[in-house]
Amino acid sequence: MTTFGLVQLVARREYLRTVRRRGYLLGTLLIPLGAAAIVLLAQLFNPTDDPSQRDPAVYLVNESAVELEPDPRSPRVLLIDRATGNELVTSGEAQEVYVVPADYTATGLVDRVVRGWRGTEIERLTRQAIQQQRLAEYLRRALIGNRLPDEEVERLVAPITVIEVGLDGEPAPPADFGTFLLPYAFALLFLVSLFITSGYLLQSVTEEKETRAVEIVVSSVPAVPLMTGKVLGLGGAGLTQVAVWVLSALALPYWAGAAIPGLSRLPVQPVILVLAVAYFVLGYAVYSGIYAAIGALAPGTREAQQYAGFLAMPAALPLIATAAFLTDTQQPLVIGLALFPFTAPAAMLQILALEETIPWPLVGASLVSLAVAAVLVTFASARVFRATVLLYGKRPGIGEIVGAVLARG
Amino acid sequence: MPQSGDMTALRPEPLPVVVEGVWKRFGSSDVVRDLSFEIRPAELLGFLGPNGAGKTTTMRMILDIIRPDRGLIRVFGSAPGVSNSPRIGYLPEERGLYRDVPVIDTLTYFGVLKGLPRREAHGRAERLLEEVGLGSVMHRRANELSRGMQQKAQVVATVLHEPDLLILDEPFQGLDPVNAEMLRGVVLAQRDRGAAVVMSTHRMEEAEALCDRILLIDDGRRLLYGRLSDVRASFSDGAVIAAGDGIPERLDGVTSASVVHRADGAVRFVLREGATARDLFRELAARDVSVDRFEVAAPSLDEIFIKVVEGAR
């Protein structure tokens, strides 16, 4: 069998074996299903498709001396008498009725007559805020409408509207939400996928070691194709899981009837997307090689997980140091994190998010650094794997590890 | 002058394994020292030695799991490597099946790793598992099977692809008598169909019963190597055991022996210098005796093992 055939065979087997595991299926499907169930329950008990929740009417009873008339500029403010208001609230047709009392002009107080609230607290507060803004605008117009010209009334009702302009005085373009969001999303996705997939790699290697099946496998497949197959197969399983979660997270709001405004129209620069994928793949290659070697080196699963957790920390450093990125992307700390292969993916994805133009020299240098590291780590870890995977229950010394990496042939 | 095709046809098949002057060092100790031997087709070589003698290391070097520091290893005429893998079946000392995977799937995977097409590997695994009595449990996970069942499955995995070379590391370790008998049958059947078999073992009775040749190593060095009968003969003190009616228990005119004594229901004759067992037999036959048993006394492999290993230390 060719080397490629062996890689394909190992990758296929690792992928299928992992995705068929009960734990994997539960982990992959339970999270989106759980989220969907929560949304479904929320919809059942708090139907959000009720238009009155999004565009609530303001039923208003006037008992003051202020003269209030229907205003076409406030079409959702509906004037009613007290008896009608009581009837609406009692029958449940209206959630609440606002009453402008006789002493309103002296106190400014308005009564809100309710029978009880059936929705969530957030919905109650949101509805109340919309209604009170509408009522305030209506009352301002009513109080001053007969004394000032219409334009001045509008300025009193809505004194300012801020717009953003550039140095040329032209309106500034809308924020490039997608260009900023995507690299951050990839940085987070990278970390999530890294931790998930590292778990699978560790599990695979340590299990083969603990069950001794590894001896049969390594007598049939050389270390490099074996490691490559594992990395590809388990990486695929990890990515499948993350993809299911991401797609679910994107689909859920639409399904729930609360689509994120403008999300479907994200303006994404294709080059940013390509770079994000490149950093993702190279970063994964570096870390997966390290995790496979850890699996071979560690005497047991628990130790392997501890080592892996410790060595995963550099990947998260750029996100911990986000303040430095926001302050100045040219400072030495940021540049250092961008060039150091173990921090480069998350660092560069943040830099790409923050810089207006792509810093090509830095991108090139960091990609080269990552690519070189990926190749070196893969070969070194394959050698470590080969030399130490059969040391059952024994922790090899530093000298043995270095010797394995530097050994000839 | 023969054509090149004829030359190829006449060229002898390289030996399954040739090991020449191999050394392997771990840390500061040499675990294999200047070791040489060969494994021939259709023979069973017993690889004997105390714990830590270097047997497993040598087997792993033949499999290219680890590499020698010095010396030469040829497997089917080429350097050890994955290219030989489809012709080799390996039963490691530390047996292993994937715990949470159906046995049939693991065996199919191992078969495919050895170069069998997936469908064929699956079919062969099914058939062999049926043959060893695991047909009803082949779809169960390994961790649901008894230890004996797992060992049988492991043996099936080793011979699934009908290898030309079988490397068995302590194959009888931990086996109950029923499974040991099953394994004996499998090993002999493989040898009889032409496979070369090398088997490390601590159980001398197994080696005596199965092996054509033996290789005894200790501390990485070769101490004994050759046909089992030759090795035993070389450790014989020239004694002959005879049993039957009328066998003399004193020299009493027996000229070909120098010492006679009774032992374990038989009479032990130590031959004189220059005398042979045939001479003694003639002398006995000339007397009025009935001989039920007549054999050259040779030490057991156990005795040879202890004698050689202790002598070497």
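Each reported figure results from applying straightforward, stated rules to the coordinates on display, with no laboratory input. Worth saying up front: this structure is predicted, and the values here are computed from it rather than measured. Glycine also receives a Cβ, built like all others from the backbone with ideal geometry; neighbour counts cover every protein chain displayed.
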**Request:** Return B:Y225, B:Y98 ranked ascending by Cβ neighbour count within 10 Å, so the fewest neighbours appear first.
**Result:** B:Y225, B:Y98
**Message:** Per residue of the stretch A:127-144, what does 6.51 cos²θ - 1.76 cosθ + 1.60 with θ = phi - 60° give for ³J(HN,Hα)? Whole Hz please, x for Gly and Pro, Karplus curve as stated.
**Reply:** 4, 5, 5, 5, 5, 5, 5, 5, 5, 5, 4, 4, 5, 4, 4, 5, 6, 10
**Prompt:** Spin-label point model (7 Å from Cα, Cβ direction): what's the B:E208 to B:R282 distance in nm?
**Reply:** 3.2
**Message:** I'd like the antiparallel share, as a percent to the nearest 5, of DSSP beta bridges with both residues in chain B.
**Reply:** 65
**Complete:** Between the residues A:V384, B:I104, B:P171, the Cα farthest towards the positive end of the dipole of the protein assembly as shown, that dipole coming from +1 and -1 charges on the beta-carbon of Lys, Arg, Asp and Glu, is from B:P171
**Asked** With labels modelled as points extended 7 Å from the Cα through the Cβ direction, what inter-label distance (nm, one decimal) is found for A:A35 paired with A:I320?
**Response** 2.7
**Complete:** Result: in the protein assembly as shown the number of Lys pairs with C-alpha under 22 Å apart, spaced 8 or more or on different chains, is 11
**Prompt:** Along the stretch A:26-36, what does the Karplus equation 6.51 cos²θ - 1.76 cosθ + 1.60 (θ = phi - 60°) give for ³J(HN,Hα), rounded to whole Hz, x for Gly and Pro?
**Reply:** 5, x, 6, 8, 5, 5, x, 5, x, 4, 5
**Other protein chain Cβ atoms within 10 Å, averaged over every residue that makes up B:61-69** = 3
**Request:** Report, as an integer, the average count of C-beta atoms from other chains found within 10 Å of each Cβ along A:199-209.
**Result:** 1
**Message:** Using the Cα centre of the protein assembly as shown as the reference point, and only Cβ charges (+1 on K/R, -1 on D/E), how large is the resulting charge dipole? Debye, rounded to the nearest 20.
**Reply:** 1720
**Message:** Could you work out how much longer the chain between B:H139 and B:E310 gets when fully extended? Use 0.36 nm per residue separation minus the Cα distance between them, nm to one decimal.
**Reply:** 56.7 nm
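If you average the sequence gap of Cα pairs under 8 Å that are 6 or more apart and divide by the length of chain B, what percent do you get for the contact order?
Reported as a whole number, the value is 19 percent.
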**Prompt:** With axes computed from alpha carbons, what is the tilt in degrees of helix B:118-131 against the longest principal axis of chain B, rounded to the nearest 10 within 0 to 90?
**Reply:** 40
**Request:** If a/c stays under 1.5 just call it rounded; otherwise compare a/b with b/c (prolate if a/b is bigger, oblate if not). Do that for the stretch B:1-144, with a ≥ b ≥ c from the square roots of the Cα gyration tensor eigenvalues.
**Result:** oblate
**Message:** For the stretch A:73-102, which trypsin sites (Lys or Arg not before Pro) pass both filters: DSSP loop (anything but H, G, I, E, B) and at most 16 other C-beta atoms within 10 Å?
**Reply:** A:R73, A:R76
**Message:** What does the structure give for A:10-19 when I average, per residue, the other chain Cβ atoms found within 10 Å of the residue Cβ?
**Reply:** 2
**Prompt:** Would you list B:M199, A:M348 from fewest to most Cβ contacts within 10 Å?
**Reply:** B:M199, A:M348
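Among B:S85, B:S234, A:S198, what is the fewest-to-most ranking by other Cβ atoms within 10 Å?
B:S234, B:S85, A:S198
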**Fill in**
If amide H atoms are modeled at 1.01 Å from N in the peptide plane, then the residues at a separation of 5 or more from B:G71, or on another chain, having amide H under 5 Å from its own are B:W23
**Complete:** So for R0 = 25 Å, FRET eff. of B:D30-A:I398 from the Cβ-Cβ r, to 0.05, ends up at 0.65
**Fill in**
Gyration tensor on Cα atoms of the stretch B:66-111, a ≥ b ≥ c root eigenvalues, a/c under 1.5 rounded, else prolate if a/b beats b/c, else oblate, says prolate
**Request:** Search the structure for amide H atoms under 5 Å from the amide H of B:Y90, placed 1.01 Å from N in the peptide plane, and list their residues when 5 or more places away or on another chain.
**Result:** B:I167
**Request:** Hey, for a label at A:T240 modelled as a point 7 Å past Cα toward Cβ, could you say which residues of the stretch A:217-232 have their backbone N under 14 Å away?
**Result:** A:232
**Asked** Where both partners of a DSSP beta bridge lie in the protein assembly as shown, what percent of those bridges are antiparallel, to the nearest 5?
**Response** 60
**Asked** In debye, nearest 20: dipole of the stretch B:14-78 around its Cα centre with unit charges on the Cβ of K, R (+) and D, E (-)?
**Response** 160
**Complete:** Residues whose modelled amide H sits under 5 Å from the amide H of A:V113, counting only those 5 or more places away in sequence or on another chain, are A:V97, A:Y98, A:V99
**Asked** How large is the charge dipole for chain B, taken about the Cα centre, if only the Cβ atoms of Lys, Arg (+1) and Asp, Glu (-1) carry charge, to the nearest 20 debye?
**Response** 900
**Prompt:** How large is ³J(HN,Hα) for each residue in the stretch A:377-388, as worked out from phi by the Karplus curve 6.51 cos²θ - 1.76 cosθ + 1.60 (θ = phi - 60°), to whole Hz, x for Gly and Pro?
**Reply:** 5, 4, 5, 5, 6, 4, 5, 4, 4, 4, 7, 10
**Request:** May I ask which residue of B:A157, B:G81, B:M199 lies farthest towards the positive end of the charge dipole of chain B, with charges of +1 (Lys, Arg) and -1 (Asp, Glu) on Cβ and the Cα centre as origin?
**Result:** B:G81
